Ligand code: ATP
Ligand code: MG
Ligand code: MG
């Protein structure tokens, strides 16, 4: 029997553990939060990510991976040479810092939104004009679900937003007039063999992913281009393991890379119920060096996130669970997390025999989730 170590114990670790078990693989997570979702289906080492005893327990696994890029690079570096770490600290260091990541994407031949690095106050001068006059200010580190971001349209707004974010190093990105958002995952082993996940279409609201749909309604050739970019990044960054690229598709069809997640991704959750291999099993296989080929749903499918939404008085607005359960083609996935406004609490996957049926079921499902 194999043991897989994971840095981070959130819902992605929970779902990785659930996918690992039938393969004869048990999961051990290092995660300081006592209430973390993976506690219920994995061995939970409750300690800081850099805790020596916790890391020693991970070093006893067959391989170590991560489910969360906001773990310290030092944790991966401390494991280096003791156990295969996939991805490794060098790849994590690239993908956890927005400016470093964008520079590394360009070095791999991928286009990104125009951006300016804002490390000190002096960098703000003229920055907005350089990205096209309308921008998104993002903290270089620790942001997720649109946290640590602000829309800015004037120099005054930029200065105010930078103060609001605490004068920390940031990236100012030009606002991209995208036609749609897409994502695609790639797995790569030490021999350089690659396998790809499906091209998925994503809809965000207030910086949080709400809905993902397969197949994407993208122009002919988009999937091949997305794979080409994913392969270039994975090769150039010497990936071992799995990563996911988020794309902006421009009206002319061109793909810009928005960001990279060094792991399974929220947009890939629909692979759990699409009938093919799931992204979670793909990451487990990639990290343990088990056989892996391309994974893709066998049926049209979609995913809707359940995010904590409050009414005017701050009370939780709950989804209509009974109606969701009664809707044909749904599968509910809950993360066992306490309710908080803006927090991802679970998701509902939806399958259908054809795309027209998927879209009509999807609009009914969306009506049941606040
Ligand atoms: P996560 O890691 O959860 O995907 P994040 O906090 O890292 O989120 P981003 O992916 O950078 O955030 O941005 C969230 C969403 O905001 C994007 O998916 C997109 O909808 C919108 N967005 C981000 N950057 C831009 C941009 N430069 N132009 C237009 N829209 C953008
Ligand atoms: Mg992100
Ligand atoms: Mg994103």
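Checking residue 83 against (1) touching a helix residue (DSSP H, G or I) at 6+ places or on another chain (Cβ under 6 Å); (2) within 16 Å of ligand 1 (Cβ to nearest atom); (3) in contact (Cβ under 8 Å) with a residue 60 or more places away in the chain: exactly one of these is not met. Which one?
(2)
Quick test of your reading of the structure: residue 123 fulfils all but one of (1) more than 16 Å from ligand 3 (Cβ to nearest atom); (2) in contact (Cβ under 8 Å) with a residue 40 or more places away in the chain. Name the failing condition by number.
It is condition (2) that residue 123 fails.
Please indicate, with yes or no, whether at least one residue in the range 171-185 is more than 16 Å from ligand 1 (Cβ to nearest atom) and not in a strand (DSSP E or B).
Pass one, the range 171-185, residues more than 16 Å from ligand 1 (Cβ to nearest atom): none.
Within the range 171-185, none of the residues are more than 16 Å from ligand 1 (Cβ to nearest atom) and not in a strand (DSSP E or B).
Each row is one residue, and each column tells you yes or no for (1) within 16 Å of ligand 3 (Cβ to nearest atom); (2) touching a residue at least 40 places away in the same chain (Cβ under 8 Å); (3) in contact with a helix residue (DSSP H, G or I) (Cβ under 7 Å, 6 or more places away or on another chain).
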position	(1), (2), (3)
98	yes, yes, no
118	no, yes, yes
131	no, yes, no
136	yes, no, no
140	yes, yes, yes
144	yes, yes, no
148	yes, no, no
152	no, no, yes
168	no, no, no
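Counting just the residues of the range 120-140 that are closer than 10 Å to residue 171 by Cβ and part of a loop (DSSP other than H, G, I, E, B), which one comes out nearest to the chain's Cα centre (by Cα)?
140
Looking at 256, 345, 250, 317 in this structure, which one is touching a residue at least 40 places away in the same chain (Cβ under 8 Å) and either crowded, with 19+ Cβ neighbours inside 10 Å or over 22 Å from residue 214 (Cβ atoms) (or both)? Full working, then the answer.
Numbers: 256 fails: either crowded, with 19+ Cβ neighbours inside 10 Å or over 22 Å from residue 214 (Cβ atoms) (or both); 345 fails: touching a residue at least 40 places away in the same chain (Cβ under 8 Å); 250 fails: either crowded, with 19+ Cβ neighbours inside 10 Å or over 22 Å from residue 214 (Cβ atoms) (or both).
Matching residue, one of 256, 345, 250, 317: 317.
Only one of (1) farther than 30 Å from residue 93 by Cα; (2) assigned to a helix (DSSP H, G or I); (3) touching a residue at least 24 places away in the same chain (Cβ under 8 Å) is not met by residue 322, so which one is it?
Status for residue 322: all satisfied but (3).
Go through the range 227-250 and count every residue that is farther than 17 Å from residue 264 by Cβ and in a helix (DSSP H, G or I).
7
The numbers here are math on the coordinates, done by the rules we state, and not lab data. Note that the coordinates shown come from a computational prediction; the quantities given were computed from them, not determined experimentally. Glycine gets a Cβ as well: all are built from the backbone with ideal geometry, and neighbour counts include every protein chain shown.
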